[in-house]
Amino acid sequence: MAGQPSKRITLHDVARLSGVSSQTVSRVVNNYPYVSEDTRRRVLDAIQQLDYRPNRAARSLATRRSCMLGIVSFGISYYGPAQMMANIEQAAKLRGYSLAFSAINRVALDEMREAIDNLSDLSVDGLVLITPTTGIDVRELVGLCEGVPFVQIDTDPAARVPSVVIDQHYGSRLATQHLIDLGHSAIGEISGPLHWFGAQARHESWEQTLLAAGLSPVMSVEGDWTPAGGYAAAHRLLDAGAQFTGLVVGNDQMALGALRALRERRLRVPEDVSVVGFDDIPEATYFEPPLTTIRQNFAALGEQSVEYLVALIDHPETPVHQRVLHPQFIPRQSTQAPAR
């Protein structure tokens, strides 16, 4: 009947849809071990389908926890960090956690301390730290968290703290090797800002991959992740007299700007210059031409970071390690063999 409130979805509804017992659903929601991956996935799918929201008040009383995770994030105006936050939120909700956010303007000790203190005042059970740039020592970070479980993502690939990263070295190697395999020997680069761990790793891998193939890097210009930055960087490459038939660009937004700059300089893509981006943003397939790029699995990054954090909350003895995910090469029409 119109006007009546909808029936609240219960744990028993999830159990019925997923074909398991209510006790098993409870174990999945509370991230208990000894649940098979297939069963866990069925339950999580049912939770998402039904939009089930666990009773956090009851869980808090039973576990003496807030059932809340804190996220400290730098760079939320950029595609990568924004996607990370969105996928962390989705993964956390599937496990019955609410979220509190704190954005910082720089990865620096004072800003990190203020953000972590603010979230600690909310009695969060754990922290996800999106800290993609240099600026804070690991020991300082551990001290700031003061025993609160945390996971870093998009950080230094050699970080000796609980962390989840996408292998940027591997992604850039895929992009550069693709151009080499097509027959390109003159390959330039537009990098991201080199104080970002990801940009630094991609730049180093671009250079190393060329050298390993017996090729000399043509020239690299540093960009700022934006289309305007890619546009300006491409013009700087050409104004400097760089001669290249292949171009590796640090992200898809900069590649968009580079494509325009190349057109303005009467260079055709891919006939004169083949271009590879990074990220596989939703718009990349609609660029002119559609952009060859490297896809980062931000959904898996969010899921793995929350899974790892919840494990640290439930089992403090969980070993400290870094989980590494691998990106995927996506070929489209912005690359081809160089003209002979």
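The values are calculated or read from the model by the stated rules, or taken from the named source; none is laboratory data. Just so you know, these numbers come straight off a predicted model, no measurement behind them. Methodologically, a virtual Cβ is constructed for each residue, glycine included, from the backbone with ideal geometry; neighbour enumeration extends over all protein chains shown.
A few points about this structure:
- Filter pass, T285 being surrounded by fewer than 15 Cβ atoms within 10 Å (Cβ to Cβ) and modelled with pLDDT of 95 or more: yes
- Being at pLDDT 85 or above and either closer than 24 Å to I153 by Cα or not aromatic (F, W, Y) (or both) holds for only one residue in A82, A57, A62, and it is A82.
- Residue among T209, T134 that is of a type in the set (V, I, T) and either under 30 Å from E264 (Cα atoms) or more than 24 Å from the chain's Cα centre (by Cα) (or both): T209
- Residue in segment 149-158 that is crowded, with 19+ Cβ neighbours inside 10 Å and over 25 Å from L325 (Cα atoms) present: no
- Some residue of segment 93-104 being farther than 30 Å from I330 by Cα, of a type in the set (F, W, Y) and in contact (Cβ under 8 Å) with a residue 60 or more places away in the chain: yes
- Unique residue being modelled with pLDDT of 95 or more, assigned to a helix (DSSP H, G or I) and surrounded by fewer than 17 Cβ atoms within 10 Å (Cβ to Cβ) when the list is Q208, Q200: Q208
- Residues being assigned to a loop (DSSP other than H, G, I, E, B) and under 22 Å from the mean Cα position of the chain (by Cα) - total across segment 217-259: 6
- Just one of the numbered conditions (1) part of a helix (DSSP H, G or I); (2) closer than 20 Å to H169 by Cβ; (3) in contact with a Leu (Cβ under 7 Å, 6 or more places away or on another chain) is not true of A284: (2).
- In the set (1) assigned to a helix (DSSP H, G or I); (2) under 26 Å from Y231 (Cα atoms); (3) of a type outside the set (D, E, K, R), G188 fails one condition alone, (1).
- Restricting attention to segment 289-340 and to residues that are within 21 Å of the chain's Cα centre (by Cα) and of a type in the set (G, A, S), the residue that is surrounded by the fewest Cβ atoms within 10 Å (Cβ to Cβ) turns out to be A299.
- Within segment 90-120, considering residues that are in contact with a Leu (Cβ under 7 Å, 6 or more places away or on another chain) and under 19 Å from V43 (Cβ atoms), the one surrounded by the most Cβ atoms within 10 Å (Cβ to Cβ): Y97
- Subset of segment 1-25 [modelled with pLDDT of 75 or more and small (G, A, S)]: A15, S18, G19, S21
- Residues of segment 316-337 that turn out to be more than 14 Å from D154 (Cα to Cα) and either in contact with a Leu (Cβ under 7 Å, 6 or more places away or on another chain) or without any contact (Cβ under 8 Å) to a residue 24 or more places away in the chain (or both), as a count: 9
- Flag if G214 is modelled with pLDDT of 95 or more and within 27 Å of the chain's Cα centre (by Cα): no
- Residues that are free of Cβ contacts under 8 Å to residues at least 12 places away in the same chain and within 25 Å of A300 (Cα to Cα), drawn from segment 249-283: P282
- Options L301, L312, L291: the member that is in contact (Cβ under 8 Å) with a residue 24 or more places away in the chain, touching an Asp or Glu at 6+ places or on another chain (Cβ under 9 Å) and under 21 Å from R40 (Cβ atoms): L301
- Residue pairs whose Cβ atoms lie under 6 Å apart, separated by 6 or more positions or on different chains, with the first residue in segment 118-139 and without any contact (Cβ under 8 Å) to a residue 24 or more places away in the chain and the second surrounded by fewer than 21 Cβ atoms within 10 Å (Cβ to Cβ), are N118/S102; V138/V161.
- Residue check for V275: among the β-branched types (V, I, T) and either under 21 Å from W206 (Cα atoms) or surrounded by 14 or more Cβ atoms within 10 Å (Cβ to Cβ) (or both): yes
- If you go through segment 26-44 and keep only what is buried (at least 16 other Cβ atoms within 10 Å of the Cβ) and at pLDDT 80 or above, you end up with T39, R40, R42, V43, L44.
- The C-beta contact set for segment 177-191 (first residue more than 16 Å from H203 (Cα to Cα), second residue of a type in the set (K, R), distance under 9 angstrom, 6+ apart or interchain) comprises G183/R340.
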